[in-house]
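The numbers here are math on the coordinates, done by the rules we state, and not lab data. Please read all numbers here as calculations on a predicted model, not as lab measurements.
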Amino acid sequence: MYSRKECTRMTDQENELMGIGFTRAESESLRLISRTLRRWHERECNGEVQRGEDGIARGYRVNARFLDPNDPRYWYKVPDRETGARKRLAAIVERRNARITNDSSKDAELNIHATCAAKLSGIVSAYIQGDPRGAALYIMRSGDVPEGGDVGSHYSRGLCVY
């Protein structure tokens, strides 16, 4: 159950995302992706999840504290939530950018012409911040990062999704 303050914050965030061209369903998906990535980054920071040399995510077996770390029983395979979340995020951003830049179509869900939307918001990109102490996902609009600047230094100018 969410408090009134949290519901207001979520509604404001959804309205901001819809204002730059995402649909209501996409904005909710972005919020869930951000939460998934944040939990994954927490687990990585705590050492519960690590990637092996083969790129497969492995979980730390806590009750195996007396085993050798190189022993295969020390680690177990965990579902890789990060890769799936990144794929879904890329698909949502790509779909939104394609919808906005397609000049010949009128999007029924947004009820605005694509050229007007492109003038308002432009192309967006996603920035994933790996520190688990804050939000994991930022939507970067054109102009949020100064020309020649690093997105890692200016990501807080973007739209925070949490």
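Taking θ = phi - 60°, what integer Hz values does the Karplus form 6.51 cos²θ - 1.76 cosθ + 1.60 yield along region 29-34, in sequence order, with x for Gly and Pro?
Calculated HN-Hα couplings, in order: 5, 4, 5, 5, 5, 4 Hz.
Rounded, prolate or oblate, given the Cα gyration tensor of region 10-49, with a/c below 1.5 counting as rounded?
In terms of gyration-tensor shape, prolate.
Could you run the Karplus curve 6.51 cos²θ - 1.76 cosθ + 1.60 with θ = phi - 60° over region 16-27 and give me ³J(HN,Hα) per residue in whole Hz, x for Gly and Pro?
4, 5, 5, x, 9, x, 8, 7, 4, 5, 5, 5
With θ set to phi - 60° and the Karplus curve 6.51 cos²θ - 1.76 cosθ + 1.60, what are the ³J(HN,Hα) couplings of region 132-141 in order, to the nearest whole Hz, using x for Gly and Pro?
x, 7, x, 5, 8, 10, 10, 9, 9, 8
How much length would be gained if the chain were fully extended between Ala98 and Thr8, taking 0.36 nm per residue of separation minus their Cα-Cα distance, in nm to one decimal?
That works out to 29.4 nm of additional length.
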